[in-house]
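*Asks:* Can you keep this structure in mind? I'll have questions shortly.
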Amino acid sequence: MTTLLAADGLCSGYGRIEVLHGVSLAAPAGSVVAVLGPNGVGKTTLLRTLSGSLPNWSGTIHLDGHRIDGRPAFEVARMGVMLIPEGRGVFPGLSVEDNLTIAGREAGRLDDASRGERLQNTLSMFPLLGDRMSQAAGRLSGGEQRMLALSRAFLSEPRVLLIDEISQGLAPIVVEILFGAIARLKGEGRTIVLVEQYLTYALRLADIVYVMAKGQVVFVGEPTEITGEGVLVGTSGQRGGASRRR
């Protein structure tokens, strides 16, 4: 498979504190790449660096063979890399309808009829949003805001979607809906890099799994090569038959 997003030797962090220590990652076109590991190992920092929200200190990032590191986040987004950050990923001061309208316009290659059809398909997946079109996005519940963030991804059609902990703090029924939507994005051929603690869903969707520990990748492989227990403790030791590969 052709690699669409590739990072090589990334080092990044906050202030003088280095969080990523030479992280490399490859996301083949149309694949779901799950980045797993305990809290505080650099997963969110990795997504922020890939999206341009956080500068990389060294290393390179390529999108479809073109180098994108060093560009501002808005430019990286225009090139097709969309980050859904932990918690929100919406414009809280704008209405639900305005959030969706902006996302639809970002898909510049679509005509008005195609945008309208895609909007209706998206709202059929998240009917709660259809009842809240005039409501400010910031007043939605946490689960509804994440539904709106995924709706924006459906409408803007990014080349690469970076999703950070979309299930955090949500009821299981909402998590089921959200991962159903992510599975649908995968079915459409979207390339997704997914940071997630909900291991059952992450491993079910993933084609490739990266496990991080202390700012480094300690395992790369297929979901079938590891168990949930192995992912959780594999950052400091080996269990569940998980082998280390880099």
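*Asks:* Tally up the residues in the stretch 94-121 that are touching a Phe, Trp or Tyr at 6+ places or on another chain (Cβ under 8 Å), closer than 17 Å to residue 84 by Cα, modelled with pLDDT under 90 and not hydrophobic (A, V, I, L, M, F, W, C), please.
*Replies:* Qualifying residue count, the stretch 94-121: 0.
*Asks:* Looking only at residues in the stretch 122-144 that are in contact with a Lys or Arg (Cβ under 8 Å, 6 or more places away or on another chain) and aliphatic (A, V, I, L, M), which one is modelled with the highest pLDDT?
*Replies:* 140
*Asks:* Let me ask another. Just the residues that are of a type in the set (D, E, K, R) and modelled with pLDDT under 95, please, taken from the stretch 158-211.
*Replies:* Residues satisfying the conditions are 159, 165, 176, 184, 186, 188, 190, 196, 204.
*Asks:* A follow-up question, please. Exactly one of (1) more than 28 Å from residue 3 (Cβ to Cβ); (2) touching a helix residue (DSSP H, G or I) at 6+ places or on another chain (Cβ under 9 Å); (3) surrounded by fewer than 19 Cβ atoms within 10 Å (Cβ to Cβ) is unmet by residue 148. Its number?
*Replies:* For residue 148, the failing item is (3).
*Asks:* Using the structure shown, decide if residue 59 is over 23 Å from residue 202 (Cα atoms), touching a Leu at 6+ places or on another chain (Cβ under 9 Å) and either among the charged types (D, E, K, R) or modelled with pLDDT of 95 or more (or both).
*Replies:* So residue 59 fits the description; yes.
*Asks:* So, in the stretch 153-175, of the ones that are assigned to a helix (DSSP H, G or I) and either of a type in the set (S, T, N, Q) or farther than 12 Å from residue 126 by Cα (or both), which residue ends up nearest to the chain's Cα centre (by Cα)?
*Replies:* Filtering the stretch 153-175 for residues that are assigned to a helix (DSSP H, G or I) and either of a type in the set (S, T, N, Q) or farther than 12 Å from residue 126 by Cα (or both), the one nearest to the chain's Cα centre (by Cα) comes out as 153.
*Asks:* For residue 82, only one of the following conditions fails: (1) more than 15 Å from the chain's Cα centre (by Cα); (2) among the hydrophobic types (A, V, I, L, M, F, W, C); (3) within 20 Å of residue 148 (Cα to Cα). What is its number?
*Replies:* Among (1) more than 15 Å from the chain's Cα centre (by Cα); (2) among the hydrophobic types (A, V, I, L, M, F, W, C); (3) within 20 Å of residue 148 (Cα to Cα), the lone unmet condition for residue 82 is (1).
*Asks:* Among the residues of the stretch 41-91, write down those that are among the basic types (Lys, Arg) and closer than 20 Å to residue 23 by Cβ.
*Replies:* 43, 48, 67, 71, listed by residue number.
*Asks:* If you scan the stretch 156-185, which residues turn out to be of a type in the set (D, E, K, R) and either touching a Lys or Arg at 6+ places or on another chain (Cβ under 7 Å) or buried (at least 20 other Cβ atoms within 10 Å of the Cβ) (or both)?
*Replies:* Within the stretch 156-185, 157, 164, 165 meet the criteria.
The values are calculated or read from the model by the stated rules, or taken from the named source; none is laboratory data. In this text, all values refer to a predicted model and were calculated from it rather than measured experimentally. Using ideal geometry, Cβ is built from the backbone for each residue, glycine included, and neighbour counts are taken over all protein chains shown.
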